[in-house]
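One structure is given below, encoded as structure tokens.
The values are calculated or read from the model by the stated rules, or taken from the named source; none is laboratory data. Just so it is clear, the structure is predicted and the values come from calculations on it, not from any experiment. Don't worry about glycine lacking a Cβ; one is built from the backbone with ideal geometry, like all the others, and counts go over all protein chains shown.
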Amino acid sequence: MRHILPVAVSLFMSLTAGSAQALETPKTTTQPDQAHAQDHVELTKLREVTEKAINTRDFDTLKPFLSQNNLTVITVDGQKFASLDAFRDYWTKLFENKTFGIDKIEVKPVADGPTEFLSDTVGICHGTSNDSYYFKSGEVKVMPERWSAVVIKDDGKWKVSRIIFSANILDNPVVTTIKDDIQKFVILAVLAGAVVGIAIGALGMSMMRKKA
């Protein structure tokens, strides 16, 4: 039986993949304005670094891109983390726990559109991520997620300050897999118990006959 806390997992996996856009820009415009051209370049790098760090589990490379004093991560299962180390422990346990049966998680964040700047130092972005869960059994399940993030400019560099994940619990392939595994486990447990019971009963009968 596998039990998994689908995350986040990703964190940090779903940052802006689009171009930066100022608030005064018309909503029908999809191109970033020139005032935020450099911001777009930096946010693109931020997205690339975080995606690679999650997929390779190299969280140390994320430190320069995360707010050190104002970080909050809300995972898809409702847990809250306020530091990289706390999230790292959460993510690592998904792979270390043999019951979960997870071999690899691959995230693919895509932004709905350009980052919306609330000021020169604060931006918000949101999008989707079709994350692939590779199980040790050989199965691969894709879990669609939605995410939203707040980025801040700290010491002249864009960093992640807030990120929240959500998923459809009513139509979720990972949850379906878990339910199927639970049913299989229960059936196997019942069969194993029956076999053990029969074996013990047969052994007891044999000992009684010998005594007789």
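Numbers for the structure displayed
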| quantity | calculated |
| --- | --- |
| Pick from the range 114-150, criterion touching a helix residue (DSSP H, G or I) at 6+ places or on another chain (Cβ under 7 Å) and buried (at least 22 other Cβ atoms within 10 Å of the Cβ), ranking: farthest from L94 (Cα to Cα) | F117 |
| Residue among V151, V110 that alone is β-branched (V, I, T), under 15 Å from the mean Cα position of the chain (by Cα) and within 16 Å of T44 (Cα to Cα) | V110 |
| Yes/no for I4 being at negative phi, modelled with pLDDT of 85 or more, crowded, with 16+ Cβ neighbours inside 10 Å and under 18 Å from the mean Cα position of the chain (by Cα) | no |
| In the range 121-171, residue modelled with the lowest pLDDT [restricted to those that are small (G, A, S) and within 22 Å of N97 (Cα to Cα)] | S137 |
| Residues of the range 121-148 that turn out to be in contact (Cβ under 8 Å) with a residue 40 or more places away in the chain, among the small types (G, A, S) and under 20 Å from T56 (Cβ atoms), as a count | 1 |
| Of all residues in the range 13-71 being among the polar types (S, T, N, Q), out of contact with any strand residue (DSSP E or B) (no Cβ under 6 Å at 6 or more places or on another chain) and in a helix (DSSP H, G or I), the one that is modelled with the lowest pLDDT | Q34 |
| Residues of the range 84-100 satisfying the condition of being part of a loop (DSSP other than H, G, I, E, B) and surrounded by 14 or more Cβ atoms within 10 Å (Cβ to Cβ) | N97, F100 |
| Unique match (being in contact (Cβ under 8 Å) with a residue 24 or more places away in the chain, part of a loop (DSSP other than H, G, I, E, B) and farther than 14 Å from A149 by Cα) among D103, D77 | D77 |
